[in-house]
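Only one structure is covered here, and it is reproduced in the block below.
The values are calculated or read from the model by the stated rules, or taken from the named source; none is laboratory data. Quick caveat, the model's predicted, so the values are computed rather than measured. Cβ sites come from the backbone with ideal geometry, for glycine too, and all protein chains shown count toward neighbours.
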Amino acid sequence: MSEAAQEVEYDLTIDDQNFRTYDPVITGRDILAIASHSPASGYTVVSIIDRGTQSIGLDEQVDLRGTVSQRFRLFEGDRLFRAMLNEREIV
């Protein structure tokens, strides 16, 4: 198989468990499916970025290309409570 035809795997960590996907662009709904959490509407996906966080909507896309690994936390429920610490928002 030529290099161009090889499939690329993308690493992601969900709630401290490692997963891999061949899809370079996934949604919040995909992240929940990878982690076997359903129904999707019963959970909130949060991306951990450097020292901050970002909420990911169910249909919001996350591009896994160009990053070493993506980290996510899943929370049961549809509400997030935010706080500020050292001028950074945390979820």
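Candidates in region 14-31 are the residues that are within 17 Å of Ile56 (Cα to Cα) and in a strand (DSSP E or B); of these, the one that is farthest from the chain's Cα centre (by Cα) is Val25. Using the structure shown, decide if Thr67 is surrounded by 11 or more Cβ atoms within 10 Å (Cβ to Cβ), polar (S, T, N, Q) and assigned to a strand (DSSP E or B). For Thr67, the condition - surrounded by 11 or more Cβ atoms within 10 Å (Cβ to Cβ), polar (S, T, N, Q) and assigned to a strand (DSSP E or B) - is not met. The requirement of being surrounded by 18 or more Cβ atoms within 10 Å (Cβ to Cβ) and touching a residue at least 24 places away in the same chain (Cβ under 8 Å) is satisfied by Ser47. The residue pairs whose first member lies in region 74-89 and is closer than 22 Å to Ala40 by Cβ, whose second member is modelled with pLDDT of 70 or more and part of a loop (DSSP other than H, G, I, E, B), and whose beta carbons are closer than 7 Å, counting only pairs six or more residues apart or on different chains, are Leu74/Asp15; Leu74/Ala35; Leu74/His37.
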